[in-house]
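Notes to accompany the following structure.
No value in this document is a laboratory result; all are computed from the given coordinates. Please read all numbers here as calculations on a predicted model, not as lab measurements. Cβ coordinates were reconstructed from backbone atoms using ideal geometry, including for glycine residues, and neighbour counts include every protein chain displayed.
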Ligand code: NAP
């Protein structure tokens, strides 16, 4: 099979080695490449690629852009409102979102009770996949925390009301600005004291300031590497169904 990752800037992508490792382990015969498309040429180039490849992964900024070209969506992709994997099924292109499965793999490592309140930091693309994963796993008490009070709760409200699972879906703390923490220092201890688990979608560095501070308090932590790997495994499984 010939599969590719579509994005605008892919020089830092880990997808090729990850897919090569999956293929070595499973015996899948996939040539996996990176395809950068400039945003102003997407509509011109993408229709040609649909004829050339057997499967796609899609990343920033095209996870919604590809949707008008598709014949259908999986339940997870429809729930998220964005796709990261395209699969040809009976001649039709179907959009899936394997970030949801990737996040569920992170969640399983902490395994909180279904009644556990979940606080998602950030309201971007990844936060929607996380919310869908939580819903599919039966969690109902889900909150967003945002810099924009119209999109979610404020940090003051987090400090006041938080308990349960804290999930960082912002880029704060990511390489190269590794000193950053998405929860301000003046409320961090107060928040962590009531945390049952802390998940951070960031995988570089391996341990963000948020995860380190949580681990030092004895709280279970998981970084984003398992999500990155499992979304790739789920994509390969869909291509080989
Ligand atoms: P995104 O669409 O840019 O959204 C990030 C959100 O974080 C924003 O919507 C914003 O929400 C908040 N935010 C952004 N900059 C911030 C800042 N300086 N301070 C506080 N909040 C900020 O990004 P994304 O695609 O959702 O990805 C988010 C993170 O998850 C990134 O670090 C990415 O690498 C990681 N990720 C990991 C995986 C994985 O497989 N492990 C998969 C996807 C994403 P508000 O405006 O509402 O505050």
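Nearest 10 degrees is fine. How inclined is helix 225-239 to the longest principal axis of the chain, computing both from alpha carbons?
Around 30 degrees separate the two axes.
Calculate the tail of P(r) for the chain: the fraction of all Cα-Cα distances greater than 28 Å, expressed in %. Let's see the in-between values first.
Numbers: 9701 of 28920 pairs.
Of all Cα-Cα distances in the chain, 34 percent exceed 28 Å.
Taking 8 Å as the Cα distance limit and 6 or more residues as the minimum spacing, I'd like the relative contact order of the chain as a percentage.
About 17 percent, as a whole number.
Going 7 Å from the Cα of residue 2 in the Cα-to-Cβ direction, what parts of the range 51-91 have a backbone nitrogen less than 12 Å from that spot?
Under cut-off, by backbone N: 51-55.
So how tilted is helix 125-136 from the main axis of the chain? Cα-based, degrees 0 to 90, rounded to 10.
80
For residue 29, project a label point 7 Å along Cα to C-beta. Then give me every residue of the range 211-241 with its amide nitrogen under 20 Å of that point.
Of the residues in the range 211-241, 236-241 have backbone N under 20 Å from the label point off residue 29.
At 7 Å along Cα-to-Cβ for each site, give me the label-to-label distance between residue 12 and residue 78 in nm.
Between residue 12 and residue 78, the label points sit 3.5 nm apart.
Give me the percent relative contact order of the range 134-237, please, defined on Cα pairs under 8 angstrom at least 6 residues apart.
Result for the range 134-237 is 21 percent.
Starting from the Cα of residue 150, step 7 Å along the direction of its Cβ; do the same at residue 135; then give the gap between the two resulting points in nm.
Here the answer is 2.2 nm between the modelled labels.
May I ask for the angle, rounded to the nearest 10°, between helix 42-52 and the longest principal axis of the chain, with both axes built from Cα atoms and the value confined to 0 to 90°?
60
Can you tell me how much longer the chain between residue 51 and residue 71 gets when fully stretched, taken as 0.36 nm per residue apart minus their C-alpha distance, in nm with one decimal?
Roughly 5.8 nm would be gained on extension.
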